[in-house]
Amino acid sequence: MNRLILCLGSAAVLLGGIGAVKAQSSDNALYTRTSIKNANGEEIFQHICQGCHMHDAKGATGAGTYPALTGNPKLVSAPYMAAVILFGRHDMPSFATKPITQRSFFEDTKLSDEQIAEVINYVRTHFGNDYRDSITAAQVAALHPQDHPTPSSP
């Protein structure tokens, strides 16, 4: 519970009361709920992920534990990372573009399949990670549950 509160607090700081994310870059760009839709993998990490996983991707321990994204053996599987981003895990919220079974905590900060692929590929090739394979938007899209038509009643 403490991890969730700390992460939610970090997210509130990142997203701000009016839905803006202040960039850490020297140009002081302002990311809004609309403009984050155009952010690339590095920008998504800087403006969303690092709120919990820290700027150096080494994670944090204190009021809660946030896993490191550097040297983490689970990163060997890009589809695993995509599933965690799409569906959430433990205290990590879902960033799915489509509602799965519940609304995302960041309901206005859903990421496209392309953005999810970009942030995964960014993390897997930075912070001391050196994975050579990458994931595509199509591979992320394939992880979405398929819509099954309901049988019609006679």
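Compare the peptides 135-144, 55-64 by average per-residue count of other Cβ atoms within 10 angstrom and give them in order, highest first.
Details: 135-144: 16.2, 55-64: 14.3.
The peptides rank, most packed first, as 135-144, 55-64.
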Excluding Ala137 itself, what net charge comes from residues whose Cβ is under 9 Å from its Cβ, given Lys and Arg +1 and Asp and Glu -1? -3
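Taken together, the values in this text are just the output of simple stated rules run on the coordinates, not laboratory data. Predicted model, so just to flag it, every value in this text is computed and none were measured. Every residue, glycine among them, receives a Cβ derived from its backbone with ideal geometry; neighbour counts consider all protein chains shown.
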